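The values are calculated or read from the model by the stated rules, or taken from the named source; none is laboratory data. Keep in mind that this is a model prediction, so the values were computed, not measured. Glycine also receives a Cβ, built like all others from the backbone with ideal geometry; neighbour counts cover every protein chain displayed.
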Amino acid sequence: MIETLQPGLYIVATPIGNLQDITFRAVDVLKRADAIAAEDSRVTAKLLNHLEIRKPIIRYDDHSDAETRARVVERLGSEAIALVSDAGTPLISDPGYKLVREAKAAGHYVTTLPGPSAAIAALTLSGLPTDRFLFAGFLPAKAKARDDAITELKPLLASIVLYESGPRLGKTLAALAGGLGNREAAVVREISKRFEESATGTLADLADRYADAPPKGEIVIVIGPPGEAEAPDDEAIDAALAEALNRLAPGKAAAEVAGRFGLKRGDLYDRALALKESR
């Protein structure tokens, strides 16, 4: 006889490609759960058939309303329910966070089973810095909203991870190149599947590559952090000092321009004095 699970919500990561990429613990929980809450019952049924598991499936996705969520939360008092997404870790670009929040607010047991995540897998394949990164999900579909989102991302001194669809990939890469500059990037797709691909290059190069050849499959874009800014030339520094001297004393003008260009105030003070005297 299989030992029953403690009633509550179990957040279970499932494979993003190869069905072998599932933990022993995830299989154990899926076998012992009373029911499984899933985005698409057909997708989850394929995994369960592969694992030879038969369980009732509760439909829970972006369109599930508060009433549906309340029914699931109520069941957690007496049943163990496993929450899965179509692929990867639930709640990552997935609607499950409201269910988790309400389950915890109701005092039910909630736990998570770590496992596959397309964002993390793509980051490791990209060859780009991984010490600091931001996962930004999907960019907005409309051009103005997309460009505004890209503008918000530009100052970040970190790698950026995005999800995208094949038909939109070329235009998104071109917009990223225009908004972020021509940074190093990677397009990773079909992770852990037979035709896994990790294409690297600049954003402009990748935009050209996929402009007329939209790929199939699940796609992750990884963008490297901005490079170091070019050192300002003497002409730019003198122009900035001249403008600042119209408003400020030489010492304060030197401090302002030094802060703007990342230079030392002492290095600019004599130049500020010389410019002031030459007027």
Restricting segment 110-165 to residues that are charged (D, E, K, R) and free of Cβ contacts under 8 Å to residues at least 40 places away in the same chain, which is farthest from residue 215 (Cα to Cα)? 131
Complete set of residues in segment 10-65 that are outside any helix (DSSP H, G or I), among the hydrophobic types (A, V, I, L, M, F, W, C) and under 18 Å from residue 100 (Cβ atoms): 11, 12, 13, 33, 35, 36, 37, 38, 58
Can you tell me which condition residue 201 does not meet? The list is (1) surrounded by fewer than 19 Cβ atoms within 10 Å (Cβ to Cβ); (2) assigned to a loop (DSSP other than H, G, I, E, B); (3) touching a helix residue (DSSP H, G or I) at 6+ places or on another chain (Cβ under 9 Å), and all the others hold. (2)
Would segment 21-36 turn up any residue that is in contact (Cβ under 8 Å) with a residue 24 or more places away in the chain and among the aromatic types (Phe, Trp, Tyr)? no
Could you give me the residue pairs with C-beta distances under 6 Å whose first residue belongs to segment 237-255 and is farther than 11 Å from residue 265 by Cα and assigned by TED's automatic domain parsing to the domain that holds residue 268, whose second residue is part of a helix (DSSP H, G or I) and at pLDDT below 85 wherever it lies, and which are 6+ apart or on separate chains? 240/257; 241/257; 244/256; 244/257; 245/276
Would you be able to say whether some residue in segment 231-248 is part of a loop (DSSP other than H, G, I, E, B), within 37 Å of the chain's Cα centre (by Cα) and modelled with pLDDT of 90 or more? no
Given (1) modelled with pLDDT of 95 or more; (2) within 30 Å of residue 196 (Cα to Cα); (3) under 27 Å from the mean Cα position of the chain (by Cα), where does residue 29 come up short, assuming only one miss? (3)
